[in-house]
Amino acid sequence: MRILVTGAAGFLGSHLCDRLLAEGHAVVGMDNFLTGDPQNLAHLAGHPRFSFIRHDVTQFIFVPGKVDAVMHFASPASPNRFSPYGYPNLPIQTLKVGAMGTHNTLGVAKAHGARFLMASTSEVYGDPEVHPQHEGYWGKVNPIGERSVYDEAKRYAEAMTMAYHRYHGVDTHIVRIFNTYGPRMRLDDGRVIPNFIKQALQGKPLTVYGNGNQTRSFCYVDDLIEGIYRLLLSDEHEPVNIGNPDEFTILQLAETVNRILGNEAGIVFQEEARDRDDPQRRCPDITRARERLQWEPRVSLEDGLALTIEDFRKRLQDQ
Ligand code: NAD
Ligand code: UDP
């Protein structure tokens, strides 16, 4: 296939390009570098099956040649308001890429008769009342909170995707991604794993927002990409959760990172840093992915952290 990947210079987009190329496909990467980094694609320069178009997907998209699949991954993804890359600091761009970017990429898929896959998120469940979260749960989202620019854009994007499927018959797929981490995340991305690893490598205390009892379930990037690739090739049109169901409190995560790195600076609790809509518990129910994609994650948190730490250590040294 010849596959358009939007958000190709980002963390997940660049790993996705690598996987698609390894499977023998041709890839057209597209990105405007809003939160991504050209360095994430530097190793693909000169690759015979990879090309890149610098473009903002909220503007009309033209791709020369045929397109067999469109994978829409463009969007800021960090909720951290202290990071310049956090979506609270990019609110209009985030709304536009979820809304107009999804509309435009669906238009490309329709014009080319291509299959379409969009990167949705566990944030569509908001601060959930159902635990673990299954795809049938409609969520509890504050429509005007700090996270709303992301959550509501992704909910709109899902609705638009289903409309193109039902009305235009486009072969669409929706993956609801739960917290994923790994090499190539921005050092200053602001999400919890990059923050903790960077702080620990620098011998600083880890910043736990609130009391640290809120939970997340962390998926290593290679596991996620495997699930997404299976979904792309499947006949599944309903949303599918992809994530790791091993659930940890943020405090447990901080203690684990400090232990692995031998960081004696400990932890500092920052009550004021927490946003009011921070989900209290998050864990995917992956029954659907298990049954319909025969997928489940394989990499443990400790193993995934070790691989991520290695990458962060190298990049911090190069700075
Ligand atoms: P990222 O910030 O590393 O990558 C996003 C990429 O999209 C960046 O390269 C950015 O420059 C690009 N982009 C943003 N707006 C654009 C625009 N208008 N035009 C073209 N390119 C644009 O984030 P990520 O973690 O790799 O996330 C990728 C996708 O996966 C996002 O859609 C995100 O919502 C989704 N997602 C990620 C996670 C996760 O845990 N990593 C969880 C849920 C959903
Ligand atoms: N968090 C934290 N310290 C940090 C960054 C994040 O305690 O330095 C917390 C944050 O409040 C949230 C959790 O870690 O409860 C996960 O945050 P992240 O930004 O990774 O993504 P989210 O899952 O909230 O979208």
Fewest first, what order do CYS283, CYS219 take by the number of other Cβ atoms within 10 Å?
CYS283, CYS219
Mean projected area, convex hull of alpha-carbon positions in the range 1-69, reported to one decimal in nm², is 4.3
Lys and Arg at +1, Asp and Glu at -1: neighbours of CYS283 with Cβ under 9 Å from its Cβ sum to 0
Rounded to a whole number, the Stokes-Einstein D of the range 105-262 in µm²/s (Kirkwood radius over Cα pairs; 10 °C; 1.306 mPa s) is 92
Enclosed volume per residue, in Å³, of the convex hull spanned by Cα atoms of the range 212-319
143
Can you figure out the FRET efficiency of HIS47 with ALA163, using R₀ = 30 Å and their beta-carbon distance, to the nearest 0.05?
0.25
Whole-angstrom gap from the range 100-167 to the range 1-44, using each part's C-alpha centre:
21
When Lys and Arg each count +1 and Asp and Glu each count -1, what net charge do the other residues less than 13 Å away from GLU264, Cβ to Cβ, add up to?
+1
Excluding residues fewer than 8 positions from LYS96 in its own chain, the aspartates and glutamates with Cα under 13 Å of it are ASP56, ASP151, GLU152
Show that you can apply the helix-only estimate: for the chain, add -39,500 (n - 2.57) for every DSSP H stretch of four or more residues, divide by all residues, and state [θ] at 222 nm to the nearest 500.
-11500 deg cm²/dmol
How long is the chain along each principal axis, judged by its Cα atoms, biggest number first, in Å?
56, 45, 38
What is the spin-label model distance, in nm, from TRP138 to ARG298 if the labels are put 7 Å beyond Cα along the C-beta direction?
3.9
Efficiency of FRET from Cβ geometry, GLU238 and GLN319, R₀ 30 Å, rounded to 0.05
0.10
Listing TRP138, TRP295 from the residue with the fewest other Cβ atoms within 10 Å to the one with the most, what is the order?
TRP138, TRP295
Arranged by the count of other C-beta atoms within 10 angstrom, fewest first, what order do ILE286, ILE250, ILE242 take?
ILE250, ILE286, ILE242
Would you kindly derive the ³J(HN,Hα) couplings of the range 84-97 from the backbone phi angles with the Karplus curve 6.51 cos²θ - 1.76 cosθ + 1.60 (θ = phi - 60°), listing them in order in whole Hz, with x for Gly and Pro?
x, 9, x, 5, x, 9, 10, x, 6, 4, 5, 4, 5, 6
The local net charge around HIS165, scoring Lys/Arg +1 and Asp/Glu -1 for residues other than HIS165 whose Cβ lies under 13 Å from its Cβ, equals -2
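Throughout, read-outs are computed from the coordinates displayed, never taken from laboratory work. Remember, predicted model here, so these are calculated numbers, not experimental data. Ideal geometry is used to build each Cβ from the backbone, glycine not excepted, and the neighbour counts take in all protein chains shown.
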